[in-house]
Amino acid sequence: MKRALQLLAISVLVSACTWVQPEPGAGRIALLAPPDALDCQRLGQTTVSVRDRVAGVQRSPSQVAEELRTLARNSAIELGGNAIVEEEMIDTSKQRFGIYLCNGV
């Protein structure tokens with residue numbers, strides 16, 4: 001029983017861990033819906049991925065999604081953008097985002 005509780009505790013901790021750190025300024029990168037980016041300049045795209053399983057334990061889908069957005073925001077900083085748009089649904093543990101430069105964002 002003790003071993004089962006230890007494994008459960010490890011599973012909970014691993015599934016809650018954040019492995020991706022935002023770059024300085026990433027918090028200022030907006031996540032827009034596609035219609036909101038129509039008047040923006042498209043700078044490029046990025047396809048980002050993270051692990052959806054760690055040590056055989058399935059990670060939280062919301063945590064995976066948040067880390068994918070963080071990686072996309074980091075990529076937007078590199079390209080000089082101030083907004084990202086999800087261009088695909090999450091496919092297991094990867095997703096494509098458009099990177100935009102928008103006025104007033």
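Want the number for residue 33 to residue 89: 0.36 nm per residue separation, take away the alpha-carbon distance, what's left?
Separation in residues times 0.36 nm, less the Cα-Cα distance, equals 18.9 nm.
If I take R0 = 22 Å and measure r between the Cβ atoms of residue 102 and residue 78 in this structure, what FRET efficiency does the formula 1/(1 + (r/R0)^6) give, to the nearest 0.05?
Working from the Cβ atoms, E equals 0.85.
No lab work stands behind these numbers, since they all come straight from the coordinates. Because the structure is a prediction, the values reported are computed rather than measured. Cβ sites come from the backbone with ideal geometry, for glycine too, and all protein chains shown count toward neighbours.
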